[in-house]
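Here the structure comes first, spelled out in structure tokens, and everything after it is commentary.
The values are calculated or read from the model by the stated rules, or taken from the named source; none is laboratory data. In this text the structure is predicted, and so the values were computed from the model without any measurement. Ideal geometry is used to build each Cβ from the backbone, glycine not excepted, and the neighbour counts take in all protein chains shown. Please note that ligands, DNA and RNA were not included when accessible areas were found on the heavy atoms of the full protein model with its side chains. Shrake-Rupley method; radii C 1.70, N 1.55, O 1.52, S 1.80 Å.
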Amino acid sequence: MGNGEIATQAWTNEAGKIQFYFGTTDSRDGMDNVIKIGKLTIGFEPNILVNGTAYSEELLLNDGILRISNTLADIQIRTDANNPEIIISGSSKVPVKITVTNNIWRNETRPWRREEYVAEYGDDQIPFAPFMEADKAIATQDGILWFHRNRNEVFWNELMKTNDLLDQGIANPLKNRTSGAIVQGTGLKPLNDSMLTSRSAQRNIFIKTTVLVQQTDTEDEYINALTKLATGLDKKRETSTLAAHKKWWKEYWDRSYVYFNSAIQSVNDTLQLLNRGYILQRYVNAIGARGKLPVKFNGSTLVLDTYRHQIGRVSGKSADARQWGGAYWWQNTRLIYYPMLASGDFDQLQTFIRFYTEDLLPAMKKMTKKFYKIDGVRFIETSHFWGAWRGGDITWNRTNLQPGISNNPYIKDLIITGLEMGHFLLDYYTYTADEKMLHEKTLPFIKDVLTFYDRFYHRDLSGKLLIAPAQSLETYIDGVNPTPDIAGLMVVIPRVIELAKDTALVSLCKKMQEEIPPLPTKIKDGKKLIAPVHAYKRIINVEYPELYPVFPFRMYGVGKPDLELAVNTFKDKTRPYHGWHQTGMQAALLGLTDSAVKAIKTNGLAFDKRFRFPGFWGPNYDYTPDQCHAGNYINTIQLMLLQIEGENIFLLPAWPKEWNVKFRLHTPGNGQVEAEWKDGKMISTKKYPADNDAAIKMFPFLSGFTFRTIVLGP
């Protein structure tokens, strides 16, 4: 369960006790690891969960509630959609004594043992001992309170020194960051600083955990803030709070939907699993995408301990451990958010947008000015949430290295972030028509990005941009004129010219438009193909940048010129479909139904069977649950159903005609399209608003279909 910021994972153990982990997007330790705030165990005497019959656990997706019930008990657990609290409520047929235990595992301050710390690229050079700090627990008058407080600043100081940013006036967001909770319950009293127990046996069950992450100068300030927050929430009536919670979830599921099946039972068995995966991933997005920081691609806020099993390279560790740590990778993070446009989940996009246009931008501009001596902004591929490079990526040992410049060959010259984010922001504008954001955030952001390209790179003898030093994603390094960057410039610049009122920006765009080099191409077996880069020295990874003109930049696709060029490029290689590979979206955009189907079958069935929740994807290249894998999965399904370009809406461009489907998805201009395809026929279609001028085109197998306009009301 989750509310976009706080995520809760609950279960009953072998002894018949309820247990749950919980954490937030911004609960970070002093080394910027995403940590759990706590784990609670709730027991009953007599044990109503063991003694009763007809035991059931049911995750009520429509309500965002886990229900545990049998003949003796009916218990519901929720992370409230509108408040920072976890509520356990219910009843017992017999009087019970309740015990709530706080299971603290960070119980001492000390250096990590080697086997406890998950080292990533370059971390073998860390110039200090990785460390953990102890949690502190306190018994209050009517509850138990604990917190994890960052006191050790060695990581921040060494990292910022490595980045050569200590003199840039960037505040330390880890300093005194305190992540904690207070647990209280009806009829419960503290037995000690880590346990609550019933004053007397009772039938009603109500336990509330209030969660707070905050930077404060002192511990007392934090304790007072948390206590005040819990007291304020106590004044709200549970009946109205629960009703508001259910209302939020109902409205969430009403925004959009996709349901598909087949009349052929053997096919339908697979489609049910694939459809379940789509729905569960939208549920997971709702759990973790409204927080103060973006969703982590490597597990979101849903990482579990590995005491009993191994995930990827991690085993025998607490729920604070994951591969790839707490920093952000653009190539992975973006994939989570693309499908939220068609889903209509614009509230979930706000953290992502703010992160790149506000949180990271100031530091990135300072780094650009200091290290490259020019205006504009050079976005880096990996960063901590305040904008500094990961230490392992810039290289901890900076002896004889140029200040501020990465030495990691995978990402040192990779700067596609700025252009692609600019493209995404323009898409957001087409969906929302948010003029204020367009002119105050989006266009200034793009102006900074284009300014860097204009001033940093030289021109060749023909006057075209010479994008070097450069690399085409993480794969083709020491290159010249990478295809993703050229495609980005070709797409973003004309969109800006059409929308901008800033005359200086328009002039810059028109000048640069004349200087964009041609898209790299090559001839193979007599066919013209898009090339990944104009020139390069080495290949060190397994990405396919030659298809960036298809996704994310959509230069080629259904209903567009030169489709054959892009299709031939796609078919030139055997392409992987899992993890962060964009193959599924690219196939759908090109109308390649068979390849798109292969992608969603590969991805939609790749949930980790060891977990009871079948929405835990992976492990792939990243950690479990793999969120970039999941984002690609639901994005592919959406693009198989609906594609929008300019004034055209293409319906079912890559959908198998044998599969039945009913869906509602969002379109530009605050619009929606709803349709049902069944037994090879279009059963119904609706468009909202009714006066939407977009032309509906069926492709490829329904080219003669005429769209009938019906108002889609609330």
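Can you pull the percent of Cα pairs in the stretch 294-422 with separation above 26 Å?
Pairs farther apart than 26 Å: 32 percent.
Normalised by residue count, the stretch 115-199 yields a Cα convex hull volume of 135 Å³ per residue.
State to the nearest 20 debye the size of the charge dipole of the stretch 424-552 about its Cα centre, where the only charges are +1 on K and R beta carbons and -1 on D and E beta carbons.
Numbers: 16 positive and 17 negative charges, 78 e Å.
The dipole of the stretch 424-552 has a size of about 380 debye.
Out of every Cα-Cα pair that the stretch 56-183 contains, those further apart than 22 angstrom amount to 61 percent. The dipole here belongs to the chain: it is taken about the Cα centre, uses +1 on the Cβ of Lys and Arg and -1 on the Cβ of Asp and Glu, and is about 720 debye. If only the Cβ of Lys and Arg carry +1 and only the Cβ of Asp and Glu carry -1, the dipole of the stretch 495-602 around its Cα centre is close to 240 debye.
Roughly what percent of Cα-Cα pairs across the stretch 542-698 reach past 18 Å? Counting pairs separated by more than 18 Å, the tail of P(r) holds 61 percent.
Using alpha-carbon positions, what is the distance between the centroids of the stretch 378-451 and the stretch 93-116, in Å? With the stretch 378-451 and the stretch 93-116 each reduced to a Cα centre, they are spaced 39 Å. The mean sequence distance of close C-alpha pairs (under 8 Å, at least 6 residues apart), as a share of the length of the stretch 511-553, puts its relative contact order at 26 percent.
When the pairs LYS17/LYS208; LYS17/LYS292; LYS17/LYS97; LYS528/LYS560; LYS537/LYS560; LYS366/LYS537 are compared against a 22 Å limit on Cα-Cα distance, LYS17/LYS292; LYS537/LYS560; LYS366/LYS537 fall above it.
Sort ILE207, ILE374 by heavy-atom solvent-accessible area, probe 1.4 angstrom, most to least.
On the way: ILE207 5, ILE374 25 Å².
Descending order: ILE374, ILE207.
Rolling a 1.4 angstrom probe over the chain with all protein chains present gives an accessible area of which 51% lies on carbon and sulfur atoms. Put one equal scatterer on each alpha carbon of the stretch 1-111, apply the Debye formula with no solvent term, and list log10 I(q)/I(0) at q = 0.11, 0.19, 0.20, 0.23 1/Å to two decimals. Once normalised to I(0) and log-transformed, intensities are -0.40, -1.01, -1.09, -1.30. Return the whole-Å distance between the Cα centroid of the stretch 137-191 and the Cα centroid of the stretch 281-342. Between the Cα centre of the stretch 137-191 and that of the stretch 281-342, the gap is 21 Å. Of the residues LEU274, VAL284, ASN224, the one whose Cα sits farthest toward the positive end of the charge dipole of the stretch 214-328, with +1 on the Cβ of Lys and Arg and -1 on the Cβ of Asp and Glu, is LEU274. For the chain, the membrane-span-like helices by this rule, meaning whole DSSP H stretches whose C-alpha atoms cover at least 27 Å of axis and whose Kyte-Doolittle mean is -1.0 or above, are 265-288; this says nothing about an actual membrane. Normalising by the residue count of the stretch 410-514, find the relative contact order in percent from Cα pairs under 8 Å and 6+ residues apart. In percent, rounded to a whole number, it is 29.
For the stretch 419-473, the Kirkwood radius over C-alpha pairs fed into Stokes-Einstein at 10 °C and 1.306 mPa s yields D = 124 µm² per second.
Can you pull the Kirkwood radius for the stretch 466-547, inverse mean 1/r over Cα pairs, to one decimal in Å? List each step's numbers first, then the result.
On the way: mean 1/r = 0.0726 Å⁻¹.
About 13.8 Å for the stretch 466-547.
Full extension from MET437 to ALA690: what is 0.36 nm times the residue separation minus their Cα-Cα distance, to one decimal in nm? Intermediate values should be presented prior to the final figure.
Numbers: separation 253, 0.36 × 253 = 91.08 nm, distance 2.60 nm.
The MET437-ALA690 span can extend by a further 88.5 nm.
Ellipticity at 222 nm from helices only: DSSP H runs of n ≥ 4 in the chain, each -39500 (n - 2.57), divided by the residue count, give -9000 deg cm²/dmol. Only protein heavy atoms count here; under a 1.4 Å probe, THR71 has an accessible surface of about 70 Å². Of the residues VAL597, PRO549, LEU565, the one whose Cα sits farthest towards the positive end of the charge dipole of the stretch 461-606 is VAL597 (charges of +1 on Lys and Arg Cβ, -1 on Asp and Glu Cβ, taken about the Cα centre). Placing unit charges on each Cβ (+1 for Lys and Arg, -1 for Asp and Glu) gives the chain a dipole about its Cα centre, and among TYR536, LEU465, ASN163 the Cα reaching farthest toward its positive end belongs to TYR536.
Once the Cβ-Cβ distance between LYS97 and LYS537 is put in as r, and R0 is 60 Å, what FRET efficiency do you end up with, to the nearest 0.05?
Efficiency, from the Cβ-Cβ distance: 0.30.
Once the Cα-Cα distance is subtracted from the 0.36 nm per residue extended length, the LYS678 to GLU658 segment shows a gain of 6.4 nm. Of all lysines in the structure, those lying under 16 Å Cα to Cα from LYS609, and not within fewer than 8 positions of it along the same chain, are LYS601. The Cα atoms of the stretch 150-266 define a convex hull whose projected area, averaged across directions, is 16.2 nm². Can you give the FRET efficiency to the nearest 0.05 for THR41 and GLN168, using r as the Cβ-Cβ distance and R₀ = 60 Å? Efficiency, rounded to the nearest 0.05: 0.85.
Exposure check, 1.4 Å probe, all protein chains in place: HIS309 carries approximately 60 Å² of accessible surface. Once all protein chains are placed together, VAL661 keeps about 0 Å² accessible to a 1.4 angstrom probe.
Starting from 0.36 nm per residue, how many nanometres of slack lie between ASP460 and GLU251 once their C-alpha separation is accounted for? Write out the running numbers ahead of the final one.
Values: separation 209, 0.36 × 209 = 75.24 nm, distance 5.46 nm.
Net length gain for the segment: 69.8 nm.
Kindly identify the stretch 223-319 as rounded, prolate or oblate by the Cα gyration tensor criterion: order the square roots of the eigenvalues as a ≥ b ≥ c, call it rounded if a/c is under 1.5, otherwise compare a/b with b/c, prolate if a/b is larger, else oblate. Because a/c hits 1.5 or more and a/b fails to exceed b/c, the stretch 223-319 counts as oblate. For GLY669, the residues whose amide H sits under 5 Å from its own are TYR431, THR432, ALA433, ignoring neighbours fewer than 5 places away on the same chain, with H placed 1.01 Å from N.
Considering only alpha-carbon pairs that sit under 8 angstrom and 6 or more positions apart, the relative contact order computed for the chain is 11 percent.
Take the Cβ atoms of VAL154 and ASN192, set R0 to 35 Å, and the FRET efficiency comes out at 0.60.
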